[in-house]
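Heads up: the structure comes next, in C-alpha cells.
Bear in mind these aren't lab numbers, they're just calculated from the coordinates by the rules spelled out. This structure is a prediction, so every number in the text was calculated from the model and none was measured. As a convention, Cβ positions derive from the backbone with ideal geometry for all residues, glycine included, and neighbour counts pool all protein chains shown.
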Amino acid sequence: MNEKGLITYAERIHLAHQHLEKVLPYSPEIGIILGTGLGGLLKDISIDMEIDYRDIPHFPVSTVESHAGKLVLGTLAHKKILAMKGRFHYYEGYSMKQVTFPVRIFKKLGIHHLFISNAAGGLHPDFELGQSMIIKDHIDLFPENPLRGANLENYGPRFPDMSDPYDEKLIDKALLFAREEGIKTSVGVYAGVQGPNLETKAEYRYLGIIGADGVGMSTVPEVIVARHMGIPVFAISAITDLCAPGKIQKVTIADVLEAAAMAEPGMTRIIKQLIGEL
Ligand code: HPA
C-alpha cells in the first residue's frame with residue numbers, strides 16, 4: 001500500500017503473478033505477444049490452458065473486438081510458451097503501466113525470451129504489401145514512457161541502456177532462415193506512434209526522413225519494459241500498407257487485416273524456427 005492506503009503497481013504485479021503461479025501447471029520459458037490479425041501462430045501451439053484476462057487480478061481487459069483477451073499456455077517447437085491472445089494498445093485508453101503490465105508478469109513467471117508481432121505501415125520505398133519486416137531498432141514517438149515514475153528497483157535500473165533493444169543473434173538467424181526458405185522479409189527500424197489515426201502524408205514523409213522503415217501503434221512500450229528487465233526481444237512487423245511517397249492510399253482495417261494475413265505464414269514460420277532453436 002502507498003501512503004494513501006492504495007495498492008501500488010508493484011503489489012498489483014505481485015498479486016497477478018501469485019494467482020498465475022497458483023493456476024498454471026508449469027512455468028513458461030518464452031513469452032509471445034501477437035499483433036492485430038496475427039493470431040495464426042496460436043494454431044501451431046499445443047494448448048494446455050487458457051486463462052481469461054478478466055480472471056487474473058489487476059490484469060487489464062481487452063477492449064478491441066478483434067482481440068480475444070486470453071493468456072494461452074502451451075508448447076510450441078518443444079518449448080513451453082505463454083502467449084497473449086489480445087494485447088493492450090495505448091490508443092485504447094490504457095496507461096503505459098497497464099499496456100506493459102503483462103510483460104512484468106512474464107518476467108516474474110520466469111520467461112527468458114519475448115517474441116512480438118505487429119502490423120505496420122511500410123515507409124521504406126522498396127517494401128511490398130504483405131511482406132514482413134524484422135525490427136532491428138525503434139524510434140519511440142509515444143507521448144508517455146512506461147518507465148516514468150518511481151523505478152521498480154527489483155526489476156531493473158533507473159536509466160536502462162537501449163543501444164541494442166532487439167537481439168542481434170535472433171535477427172541474424174531469422175534472416176538466414178528467411179533467405180533459405182524464400183520468405184519475403186527485410187530488416188528495419190520501427191517508429192512507435194500513439195495512433196489511433198493513421199498518419200498524414202507529411203507525417204509519413206517525416207517518419208521516413210528521421211530513419212524509420214515501418215510505423216505502428218504498439219510494441220515499443222513492451223520492448224522498453226522487457227529491456228528494463230534484461231529480457232532479449234525478437235519483434236517482427238507485417239507490412240500492411242505502403243506509406244512511401246507516391247504509394248500512399250486510403251487504408252481501412254479490412255485492408256490491414258488482409259495484408260496481415262498475407263504476411264502471417266512467413267512470420268509464423270520465422271518465429272517457430274527461432275523458438276525451436278533457443
Ligand atoms: N500507421 C500506423 N500504424 C499502422 C499503420 C500505419 O500506416 N499500418 C498498420 N499500423
Quiz item: Could you give P(r) for the stretch 102-148, binned at 10 Å from zero, as whole percent values over all Cα-Cα pairs?
Solution: 17, 37, 34, 12, 0
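At 222 nm, what value in deg cm²/dmol follows for the chain if DSSP H runs of at least 4 each add -39500 (n - 2.57) and the sum is divided by all its residues, to the nearest 500? Walk me through the intermediate numbers first.
Numbers: 7 runs with 84 residues, N = 278.
That comes out to -9500 deg cm²/dmol.
Using every Cα-Cα pair within the stretch 138-189, state what percent have a distance larger than 19 Å. Present the calculation step by step, with values, prior to reporting the outcome.
Working: 678 of 1326 pairs.
More than 19 Å apart: 51 percent of the Cα pairs in the stretch 138-189.
Rounded, prolate or oblate: which fits the stretch 88-233 when a ≥ b ≥ c are the square roots of the eigenvalues of the alpha-carbon gyration tensor, with rounded for a/c under 1.5 and prolate only if a/b beats b/c? Don't skip to the end; give the middle numbers.
Working: a/c = 2.03, a/b = 1.26, b/c = 1.62.
In terms of gyration-tensor shape, oblate.
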Quiz item: What is the Rg over Rh value, at two decimals, for the stretch 215-278, using alpha-carbon atoms and the Kirkwood definition of Rh?
Solution: 1.05
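Could you sort the peptides 203-212, 81-90, 46-55, 108-117 by per-residue average Cβ neighbour count (10 Å cutoff), highest mean leading? All intermediate terms of the calculation are to be shown ahead of the outcome.
Values: 203-212: 17.0, 81-90: 23.5, 46-55: 13.8, 108-117: 21.3.
The densest-packed peptide leads the list: 81-90, 108-117, 203-212, 46-55.
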Practice problem: Work out from phi, with θ = phi - 60° and the Karplus expression 6.51 cos²θ - 1.76 cosθ + 1.60, the ³J(HN,Hα) of each residue of the stretch 119-126, listed in order in whole Hz, and give x for Gly and Pro. | Solution: 9, 9, x, x, 8, 5, x, 8
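Can you put R12, R179 in order of Cβ neighbours within 10 angstrom, beginning with the fewest?
On the way: R12 18, R179 10.
Lowest count first: R179, R12.
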Practice problem: Note down the nm distance, to one decimal, between modelled labels 7 Å out along Cα→Cβ at N154 and at R54. | Solution: 3.0
Quiz item: What translational diffusion coefficient, in µm²/s and rounded to a whole number, does the Stokes-Einstein relation yield for the chain at 4 °C and a viscosity of 1.567 mPa s, taking the hydrodynamic radius as the Kirkwood radius over Cα pairs?
Solution: 68
Practice problem: Please turn the phi angles of the stretch 26-33 into ³J(HN,Hα) values with the Karplus equation 6.51 cos²θ - 1.76 cosθ + 1.60 (θ = phi - 60°), one per residue in order, whole Hz, x for glycine and proline. | Solution: 7, 8, x, 9, 10, x, 10, 10
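Counting other C-beta atoms within 10 Å, and keeping those with at most 12, which DSSP coil trypsin sites (Lys or Arg not before Pro) do you find in the stretch 206-277? The partial results should precede the final answer.
Values: sites: R227, K247, K250, R269, K272; in loops: K247, K250.
Passing sites in the stretch 206-277 are K250.
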Quiz prompt | Shape of the stretch 1-108, Cα gyration tensor, a/c cut at 1.5 | solution = oblate
Quiz prompt | Point-to-point label distance, S95-D255, nm (Cα→Cβ direction, 7 Å offset) | solution = 3.7
